[in-house]
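Structure first, then comments.
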Amino acid sequence: MLLKIALLPNLTRHCALQVTKDVCAYLDSLGVTYGFEETLRGCLETRGSFLPTETLLSDADAVIAIGGDGSLIHAAKKAVKYEKPVLGVNAGNLAFMAGVEKNELHLLGELISGNYTTDRRMMLDVFCRRKGEETPLYLGHCINDVVVARGEQIKLIDLMVTADGKLVNRYYADGIILSTPTGSTAYSLSAGGPVVDPRIESILLTPICTHSLFARSLIFESSAEICVEIPHDGEDIYISCDGDASVRVEPGSTLIVKRAQKSAAFIRIKPDSFIDVLNSKLSQRRA
């Protein structure tokens, strides 16, 4: 039985405040201890405690994230550090990662009773080896994807990509997306990439608006080390992990993307398969 829950809501999302109140009320009825990050003190009237993030997550049995997919991924990246499983409660739109919809809060009883399974999702680590330096700089990790894209200039950028030291392609494009199977339903999907079952651990490469008749998405084995050579000509090129703030990459640098040692754990209460979720969510976007 779970006794301590860390609640990580994104209160900027529409409906998130009300959904958070509903979650608190349900946890109160079950007599469960829960808490929030200190930064939310004053934003909620609740019997839950407000604690520093490290204390909150290290003491919790599990995390409940409330919001859309971006909110759930952001919360999961925090939880990975403390090896805590995450249940996503959808207070957004599609939310592929959500395990519970806002009208299914009664299922939280199953969570507290321990009647759930966890899905392990691979992550990617991103490094940058700057020109003239041997040791790469760690830039971060992602659950969905890392995007390499042009800045404000309109012209295409030239990106040479290798996998395990072998040339893959030279892309003249707006950029490229390197994603996990989890991220295959995010930006990569919008750019024309395939949907990959998360159980098939792999790394996807999807070019963005490439100037070619033959450039298609590629799928590499999860152990591959993907390198992206940044041009030397001084163009502004940026990267972003999971949609976080973009970081400019120095000309002549090499980006290195590979599987992370850690993986994220998402709580699954309902018996829905990946295909069930895919059909249910994407049907909301069908004309």
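Please treat every number below as a calculation from the coordinates, not as lab data. Remember, it's a predicted structure, so these values are computed and weren't measured experimentally. Neighbour counts are summed over all protein chains in view; Cβ atoms, including those assigned to glycine, are modelled from backbone coordinates with ideal geometry.
From the alpha carbon centroid of region 171-205 to that of region 13-36 is 34 Å.
If you bin all the Cα-Cα distances of region 123-261 at 5 Å, starting from zero, the percentages per bin are 2, 11, 22, 26, 23, 12, 4, 1, 0. Neighbour counting of Cβ atoms within 10 Å sorts the residues M97, M160, M122, fewest neighbours leading, into M160, M122, M97.
Straight Cα distances below 20 angstrom link K78 to the lysines K4, K258, K262, with same-chain residues fewer than 8 positions distant left out. Counting neighbouring Cβ atoms within 10 Å and putting the fewest first, the residues S71, S58, S253, S223 line up as S223, S58, S253, S71.
Evaluated with a Cβ-only charge set (Lys, Arg +1; Asp, Glu -1), region 123-261 carries a dipole of roughly 220 debye about its Cα centre, given to the nearest 20. Using 1/(1 + (r/R0)^6) with R0 = 45 angstrom and r between the beta carbons of E152 and S113, what's the FRET efficiency to the nearest 0.05? So the FRET efficiency works out to roughly 0.30. Note that region 177-191 has calculated 3J(HN,Hα) couplings of 10, 10, 10, 7, x, 4, x, 5, 9, 9, 4, 4, 4, 5, 8 Hz, one per residue in order, obtained from phi through the Karplus relation 6.51 cos²θ - 1.76 cosθ + 1.60 (θ = phi - 60°); glycine and proline are x. Under the membrane-span-like helix rule (DSSP H runs whose alpha carbons stretch at least 18 Å along the helix axis, mean Kyte-Doolittle hydropathy 0.0 or higher), the chain yields 16-30. Projecting the Cα positions of M122, C142, I112 onto the charge dipole of region 94-150 (unit charges on Cβ atoms of Lys, Arg, Asp and Glu, taken about the Cα centre) puts C142 furthest along the positive direction.
Would you list V195, V126, V277 from fewest to most Cβ contacts within 10 Å?
Values: V195 14, V126 25, V277 19.
If I rank by nearby Cβ atoms, fewest first, I get V195, V277, V126.
Recomputing Rg/Rh (Cα atoms, Kirkwood Rh) from the coordinates shown identifies the correct label among [x] 1.03; [y] 1.01; [z] 0.95 as [y]. Cysteine residues of the chain whose Cβ has no partner cysteine Cβ closer than 4.7 Å: C15, C24, C43, C128, C209, C227.
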